[in-house]
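First the structure, in the form of structure tokens, and then the observations on it.
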Amino acid sequence: MRARDGEPDDVSADEPEETPDPGEILARLASLLGPSSTIGVGDVWVRGQNATGPGSTAIGTLNITTARTEGDGRTWAETLTATWVRQLADGYAPAPSDPQLDRLLKQRHLVCLSGAAATGRHAAACLSSARRHGFDRVAVLHAEQPSDLLLPEAPWRDGHGYVWRLTEAAVRDLDGMALVGLAARAGARGATLVLVGDFDQRDQELAGHLVEHRPAAPVDVFRAQLRRQLRGRCVGWCAPGCVGDCVDGYVEDDCLANPLLAAHLVGGPRPGEVVRLAELLAHTAPRGAELTERLERLLPRQLRDRASRVLAADGGDAPSWGADRRRAFRLACAVLAGQPVAEIHAAAGALAAPGLAGVGPGSVPDAGGGAAPGFPFAGAPPAPPSTGGAGALDVLLGPVLREAVLVVDDDRVPGGRRIEFAPGHDPLRRSLLEAAWADWWLPEQLLGWLAQLVREGTPGVRQAAAGAVGWSAAHGVHAALHTVDQLARERRAGVRQAAAIALVGMAMQPELRQRVRGELDRWAAGGAAHLRDTVARAYALGLARLWPETALVQLRRVAEARLQRRNNSVVRGLVEVYVGGHAASVLPALAEWAVAEDEPEVRLHAGRALRVLADRWAPAPRERWPELLDLARGGVVRMSDLATCWATALSLPGTAYRAWRTLGFWLSRAEGHPEVSDLCLQLIDLVVAGRESLRHRLDHQLRHVWGPLMRDNTLLRDVRHLIDEDPA
């Protein structure tokens with residue numbers, strides 16, 4: 001798609017471009033979304049186009065290789081790593097229905113696993129597929145409707161076990177002929193397909209294919225997960241050399257014998273809640289009174305009661321801040337954790353402005369009365385003097401919240417103080433958001449307030465509010481996506497950056513990934529220029545770690561836009577894919593971009609990306625190796641692709657100056673190291689072969705730039721021999 005006439009070709013000039021670190025963004029979002037919503041890569045070993053290793057997984061489903069259609073993207077697949085599947089099996093509590101599922105999956109190519117959402121049915125399907133095909137042959141399918149998987153381009157691979165979690169609409173569209181077709185398609189590829197959904201009303205039609213999922217007891221899930229988390233650790237007062245022999249005793253005698261925990265597990269919590277609880281307890285493995293105290297802070301019912309007490313804002317004496325403003329201040333603390341007290345005051349004033357304040361649980365606040373422009377948000381006056389002292393701040397926080405937060409003196413922030421949640425209290429922060437969403441404010445009001453913070457706040461406030469928008473999608477995906485759509489259309493780059501953060505926060509929640517993926521597909525394929533720019537920013541801020549192959553496809557579409565000429569969002573997204581362990585995919589894609597003669601914007605991004613990647617160096621003991629050259633030496637990337645990208649970077653006016661300087665630095669570092677020097681010469685030979693203009697420019701560099709600067713570099717003589725030889 002070519003850039004449209006009249007499309008803006010510049011980012012906002014009224015504020016500096018923000019470049020937040022993706023790792024920091026993901027860490028902040030994880031603290032808000034919870035431990036089971038993490039995207040992580042870590043150490044990854046590349047074998048062709050597959051990534052393996054302990055860091056190549058995410059909690060949820062990590063896309064390692066993506067098979068997708070080249071058309072409208074209605075179907076796609078994620079191949080799970082063997083490491084992730086083994087980790088899933090390691091902490092899995094077998095369900096009573098698993099043997100029946102295994103037997104039927106050995107007999108048939110298609111099985112329907114019926115059960116309620118959040119009962120562990122998806123994990124059961126993945127592990128049954130792994131037992132049938134192997135840990136490295138489990139894949140997750142996504143499609144809008146069953147007939148999409150019958151198309152010739154549907155992403156089937158031989159000998160794999162596929163799992164497809166159906167939406168309610170897909171369950172309705174599933175009929176007998178679709179079952180026959182899907183089973184035949186799976187059988188032809190030697191594959192199996194487990195359809196996961198709620199098939200309660202379809203048991204007669206699906207006879208012979210249906211297994212009713214019976215989840216494991218919560219106590220068994222907790223026992224398996226906590227043992228997995230603590231394996232190999234000493235959690236008692238053992239003799240030196242303990243390698244975890246005390247774990248079973250701790251799980252049974254300390255945790256499961258605790259009355260508070262036992263009552264919680266008997267109450268039938270969802271497996272996801274039990275897993276999160278085990279993860280949180282495993283951090284410190286508390287005992288006795290400390291365990292009881294932690295449970296009072298972590299168990300959902302107790303957390304919800306604490307959050308309700310915090311937001312009730314009863315009692316206290318803050319003359320300038322009534323109950324509505326105290327409640328708004330406490331919610332603002334949850335949203336803007338880590339931000340200055342002055343910013344939290346201002347945000348609370350905006351929420352408590354006429355027309356936004358709630359009046360009680362379940363109430364519908366007055367929709368009339370707008371917020372007048374103020375400082376620094378609409379309807380938000382400066383913090384009144386009476387709230388400046390520590391005593392007044394304690395009144396605003398209330399005793400329950402004051403116990404959970406830290407007021408940190410920090411001269412670097414306005415007002416000299418900031419508020420953050422103490423370690424271990426993040427669950428209360430999430431519960432405050434949930435209680436506010438359910439009981440005190442309408443979703444539209446909260447999203448409007450968060451969008452206001454994004455548009456008018458400082459960068460820190462903007463990013464924190466964007467994370468809260470991403471969190472809210474689990475409670476109202478349509479409203480949250482509409483809010484993000486509006487923010488993504490803004491001219492200001494910082495606002496679009498915040499919209500991208502919200503998208504990353506949504507994608508960190510496994511149940512929302514298919515919806516977010518579809519939205520990004522739509523924006524990248526035909527959205528407005530600013531929407532496409534937001535797609536690139538989302539991948540640059542960490543989303544590329546989840547969908548690396550998809551990132552390359554969508555970033556190519558975004559790169560065609562004129563808006564990107566003076567914007568590095570696409571390049572940052574490409575670098576994120578690369579550093580995530582997918583250099584073997586990035587370099588061939590960049591080589592294709594580099595030869596797109598009819599797409600100058602795309603070629604420009606190929607040159608820019610190459611120049612950025614060329615500045616990366618291999619770790620010790622190979623610190624003399626440019627990382628790209630080291631990957632070529634190891635066969636991870638092809639030298640021909642690397643030469644194509646270099647030729648483009650050295651030729652384009654926008655990248656040539658820095659690219660020539662970087663290549664000269666490569667030669668400087670390679671001098672005296674024969675193996676590096678030989679590959680440098682091989683690369684330069686490929687770069688100038690058949691490109692007479694580059695041969696002349698190389699001659700100019702040798703005569704007038706590199707030669708005078710590196711008079712003692714003997715490698716330059718070998719480079720001279722390359723261009724003095726007859727090019728024929």
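Give me the pairs, please: first residue somewhere in the stretch 163-177 and open to solvent by 80 Å² or more (accessible area, probe 1.4 Å), second residue anywhere and aromatic (F, W, Y), beta-carbon distance under 7 Å, and either six or more positions apart or on two chains.
Between residues of the stretch 163-177 that are open to solvent by 80 Å² or more (accessible area, probe 1.4 Å) and residues that are aromatic (F, W, Y), there is no close pair.
Quickly run through the stretch 405-424 and pick out the residues that are assigned to a loop (DSSP other than H, G, I, E, B) and buried (at least 18 other Cβ atoms within 10 Å of the Cβ).
V413
Return yes when H475 is surrounded by fewer than 18 Cβ atoms within 10 Å (Cβ to Cβ) and either part of a helix (DSSP H, G or I) or of a type in the set (A, V, I, L, M) (or both) and no when it is not.
The answer is no for H475.
Name the helices (runs of 4 or more DSSP H) wholly inside the stretch 633-728 in which the number of residues that are more than 44 Å from the chain's Cα centre (by Cα) is 2 or more.
692-701, 715-724
Name, by its number, the condition in (1) open to solvent by less than 20 Å² (accessible area, probe 1.4 Å); (2) assigned to a loop (DSSP other than H, G, I, E, B); (3) within 21 Å of R108 (Cβ to Cβ) that does not hold for V235.
(3)
Of (1) open to solvent by 10 Å² or more (accessible area, probe 1.4 Å); (2) in a loop (DSSP other than H, G, I, E, B), A95 satisfies all except one. Which?
(1)
Can you give me the ranges of the helices (runs of 4 or more DSSP H) entirely in the stretch 484-540 with at least 3 residues that are at pLDDT 90 or above and within 18 Å of the chain's Cα centre (by Cα)?
Filter on the stretch 484-540 gives 493-507, 529-540.
State which residue is farthest from G580 (Cα to Cα) when the search covers only the stretch 541-567 and only residues that are of a type outside the set (D, E, K, R) and in a loop (DSSP other than H, G, I, E, B).
A561
Does D521 satisfy the condition of being open to solvent by less than 10 Å² (accessible area, probe 1.4 Å), acidic (D, E), over 19 Å from Q452 (Cα atoms) and touching a residue at least 12 places away in the same chain (Cβ under 8 Å)?
So D521 does not fit the description; no.
Looking at the stretch 73-92 only, could you name the residues that are open to solvent by less than 40 Å² (accessible area, probe 1.4 Å) and over 23 Å from Q225 (Cα atoms)?
Residues satisfying the conditions are G73, T75, W76, A77, E78, T79.
Would you check if E560 is modelled with pLDDT under 90 and farther than 17 Å from G23 by Cα?
yes
Considering only residues that are assigned to a loop (DSSP other than H, G, I, E, B) and aromatic (F, W, Y), look in the stretch 129-176 and name the one that is farthest from the chain's Cα centre (by Cα).
Across the stretch 129-176, the extreme among qualifying residues is W156.
How many residues does the stretch 586-601 hold that are at pLDDT 90 or above and either surrounded by fewer than 23 Cβ atoms within 10 Å (Cβ to Cβ) or hydroxyl-bearing (S, T, Y) (or both)?
Count: 4.
Tell me yes or no: at least one residue of the stretch 667-678 is within 21 Å of T655 (Cα to Cα) and in contact with a Leu (Cβ under 6 Å, 6 or more places away or on another chain).
Checked against the condition, which is being within 21 Å of T655 (Cα to Cα) and in contact with a Leu (Cβ under 6 Å, 6 or more places away or on another chain), the stretch 667-678 yields at least one hit.
Step by step: first the residues of the stretch 443-454, then only those that are of a type in the set (A, V, I, L, M) and within 18 Å of R330 (Cβ to Cβ), then the one that is surrounded by the fewest Cβ atoms within 10 Å (Cβ to Cβ). Which residue is that?
Per the criteria, the residue is L446.
Which one of L260, L277, L311, L226 is open to solvent by 20 Å² or more (accessible area, probe 1.4 Å) and in a helix (DSSP H, G or I)?
Going through L260, L277, L311, L226 in turn, just one is open to solvent by 20 Å² or more (accessible area, probe 1.4 Å) and in a helix (DSSP H, G or I): L260.
So which of A670, A649 is surrounded by 18 or more Cβ atoms within 10 Å (Cβ to Cβ) and at pLDDT below 90?
Going through A670, A649 in turn, just one is surrounded by 18 or more Cβ atoms within 10 Å (Cβ to Cβ) and at pLDDT below 90: A670.
Can you tell me which condition E434 does not meet? The list is (1) open to solvent by less than 10 Å² (accessible area, probe 1.4 Å); (2) on the phi < 0 side of the Ramachandran plot, and all the others hold.
E434 satisfies every listed condition except (1).
Of all residues being among the polar types (S, T, N, Q), more than 25 Å from L226 (Cβ to Cβ) and out of contact with any Asp or Glu (no Cβ under 7 Å at 6 or more places or on another chain) in the stretch 98-121, which is most open to solvent (accessible area, probe 1.4 Å)? Just the residue, please.
Among those residues, the one meeting the criterion is Q107.
Inspect the stretch 535-552 for any residue being surrounded by fewer than 19 Cβ atoms within 10 Å (Cβ to Cβ) and of a type in the set (F, W, Y) and give the result as yes or no.
Checked against the condition, which is being surrounded by fewer than 19 Cβ atoms within 10 Å (Cβ to Cβ) and of a type in the set (F, W, Y), the stretch 535-552 yields no hits at all.
The values are calculated or read from the model by the stated rules, or taken from the named source; none is laboratory data. Since this is a predicted model, take the numbers as computed values, not measurements. Here Cβ is always computed from backbone atoms with ideal geometry, including for glycine, and neighbour counts include all displayed protein chains. Each accessible area value is taken on the protein alone, full model and side chains, heavy atoms only, with ligands, DNA and RNA left out. Shrake-Rupley method; radii C 1.70, N 1.55, O 1.52, S 1.80 Å.
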